[in-house]
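Structure record follows, encoded as structure tokens.
Please treat every number below as a calculation from the coordinates, not as lab data. Keep in mind that this is a model prediction, so the values were computed, not measured. Cβ placement follows ideal geometry from the backbone for every residue including glycine, while neighbour counts extend to all protein chains displayed.
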Amino acid sequence: MSQPPAAASRDEPVIRERGDACPGALRLHAADDGFLARVRIPGGVLTAHQASLLALAADRFGDGHLELTSRGNVQLRGLAEGCGGGLAELLDAAGLLPAPGHERVRNIVATPMSGDGHPERPDVLPWVAELDRLLCANARVTALSGRFLFAFDDGRGDVAALEPDVTVLGGVPRGRALVRLGPAAGAVSVAAQDAPRAALLAAEYFLDAADAAGTRAWRVRELPAEHALDEAEFAARLAAAGIAADRVRAVDWPYAPPPRPQSGGAGPRGTLCVLPPLGRLSSAQWRVLVQVADRDRGLRVTPWRSIVLPDAPLRPPSGAPARLEGAGLVVSPDSPWQSVTACTGRPGCAKSLADVRADARAVVQRARGPLPVHWSGCERRCGHPRGTQWVDVLATHDGYRLSVHGQALPHRTDLAAALTAARTTPSDSEESEVSEDAVKK
């Protein structure tokens with residue numbers, strides 16, 4: 001099964017001269033539009049009550065909006081200076097701050113459709129909850145950066161494709177799970193019930209390697225080659241901790257695309273995937289999500305800046321799709337907002353050269369195409385898609401510069417037309433395949 005394109009590998013080890021300044025719910029980040037808080041939501045799982053309190057926090061302390069991140073977390077912006085204590089109290093009441101000293105290291109993504117009843121795929125959400133409990137009880141892991149990422153994939157290959165630092169893959173025969181370290185080709189096989197503890201031990205192994213390297217690495221792939229994590233060593237560490245483990249030298253890693261916006265089918269209830277344009281919602285839109293969510297199953301924030309609502313009502317008079325569309329949220333797979341993302345841009349970011357979100361909205365209806373597109377206000381390209389198969393719209397002092405598949409495009413006056421052409425540009429590999437097919441015919 002083909003894999004999505006990977007990010008470019010690093011030729012030299014990363015050497016960091018300062019600590020990780022990644023924001024959290026307690027460590028607020030100063031932005032041009034006020035302070036920013038990032039609330040970690042392991043597995044993206046929120047109860048309706050927790051989601052309601054997040055909307056209250058956005059209104060009481062922030063600008064009345066909530067932003068979804070590429071780690072399945074939620075950000076609050078426009079926070080006033082000095083609001084930290086009140087915000088922490090509200091989040092604690094919601095159960096979103098179980099261990100204040102660990103809140104920035106609880107970066108766990110999970111297959112958002114997990115638990116859908118597929119006979120060969122386990123429900124990985126209990127594994128998420130167990131790892132979260134283990135993290136919060138472990139003093140050592142507070143040394144992890146706020147960017148270190150765990151992923152629990154139920155076997156379909158969606159979150160396993162996000163370049164996690166520790167990947168747990170379920171759906172393995174005989175009640176096993178595979179644990180992968182960074183981008184390794186192989187993995188270590190453990191009993192499924194041992195998977196959360198194995199993931200914790202993988203993080204401790206990384207911290208030991210990072211300490212030995214002395215480069216202040218934040219991610220597994222940043223470790224220098226001589227300190228790279230080794231699957232045989234990891235299996236030995238697991239055995240020493242009482243976890244039976246087998247090394248698997250090569251794994252045919254599955255891949256599945258992210259869930260697309262969809263209205264849930266023809267039955268009275270079903271699973272909805274909802275896309276907020278550019279991953280940003282007003283508190284009023286967020287409350288509509290809460291109102292249509294199932295009381296028991298809640299909401300799931302995905303790493304693709306969408307929201308999954310399991311077992312939502314589909315038919316009138318309480319039908320969720322119509323209510324969500326009426327609130328300006330996307331539930332149609334053919335929406336022009338599909339695969340369009342953007343950084344914060346102006347006025348929230350001092351480094352941005354443009355209001356990229358406003359500019360994206362201005363052309364979204366006229367610039368459709370199969371390739372994802374990301375709008376960036378500066379060279380940092382915050383939040384861009386992985387790999388190279390996407391259109392880069394970069395703000396400069398002289399307007400926008402477009403590139404696709406890593407190649408710059410000639411300047412065109414009509415931005416919408418240029419973007420449409422870019423989004424339909426085949427890659428070199430696709431052109432080769434077309435040529436070969438033509439020859440065969």
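Extension gain for residue 21-residue 365 works out to 120.1 nm (0.36 nm per residue, less the C-alpha to C-alpha distance).
Sequence-ordered 3J(HN,Hα) estimates for the range 71-80 from the Karplus curve with 6.51, -1.76 and 1.60 and θ = phi - 60° stand at 10, x, 9, 10, 10, 10, 10, x, 6, 7 Hz, glycine and proline given as x. Spread over its residues, the convex hull of the C-alpha atoms of the range 106-263 is 115 Å³ per residue. Highest-first packing order for the peptide set 161-167, 131-137 is 161-167, 131-137, based on the mean count of other beta carbon atoms within 10 Å.
With both residues required to sit in the chain, DSSP beta bridges show an antiparallel share near 75%. Gain on full extension, evaluated as 0.36 nm per residue between residue 249 and residue 262 minus their Cα-Cα distance, stands at 0.9 nm. Whole Å is fine, so just give me how far the alpha carbon centre of the range 318-357 lies from that of the range 124-163. Going from one Cα centre to the other spans 27 Å. Rounded to the nearest 5, the antiparallel percentage of DSSP beta bridges internal to the range 91-194 is 55%. At q = 0.10 Å⁻¹ the log10 of I(q)/I(0) for the chain amounts to -0.75, computed by Debye summation with a single uniform scatterer per C-alpha, solvent ignored. Translational diffusion of the range 200-350 was estimated from the Stokes-Einstein equation, with Rh taken as the Kirkwood radius over Cα pairs; at 20 °C and 1.002 mPa s the coefficient is 112 µm²/s.
Between amide H atoms placed 1.01 Å from N, distances below 5 Å from residue 311 occur with 270, 271, 272, all of them 5 or more places distant or on a separate chain. Amide H contacts under 5 Å for residue 146: 22, restricted to partners 5 or more places along the chain or on a different chain, H placed in the peptide plane at 1.01 Å from N.
Working note: Karplus 6.51/-1.76/1.60 with θ = phi - 60° gives the range 340-348 the couplings 10, 10, 7, 6, 5, x, 6, x, x Hz, where Gly and Pro are set to x.
Ranking 80, 29, 124 by how far each Cα lies toward the positive end of the dipole of the range 1-140 (charges on Cβ) leaves 124 at the top. Of all DSSP bridge pairs formed entirely within the range 135-255, close to 75 percent run antiparallel. Listed as lacking a disulfide-compatible partner in the chain: 22, 83, 136, 273, 349, 378, by the criterion of no other cysteine Cβ under 4.7 Å. Expressed in Å, the radius of gyration and Dmax of the Cα atoms of the range 1-130 are 17.2, 51. Amide H contacts of residue 176: 192, each under 5 Å away and 5 or more positions distant or on a separate chain (H built 1.01 Å from N in the peptide plane; Pro and chain starts excluded).
With contacts taken as Cα pairs under 8 Å and at least 6 residues apart, the chain reaches a relative contact order of 15 percent. Residue ranges 417-427, 113-123 sort as 417-427, 113-123 when ordered by packing (mean number of other C-beta atoms within 10 Å per residue, highest first).
The charge dipole of the chain, taken about its Cα centre with unit charges on the Cβ of Lys, Arg, Asp and Glu (plus for the first two, minus for the last two), comes to roughly 800 debye. Listed peptides 356-367, 168-179 appear in the order 168-179, 356-367 once ranked by packing, highest mean of other Cβ atoms within 10 Å at the front. A simple count of charges around residue 34, restricted to other residues whose Cβ falls under 12 Å of its Cβ and scoring Lys, Arg +1 and Asp, Glu -1, yields -3.
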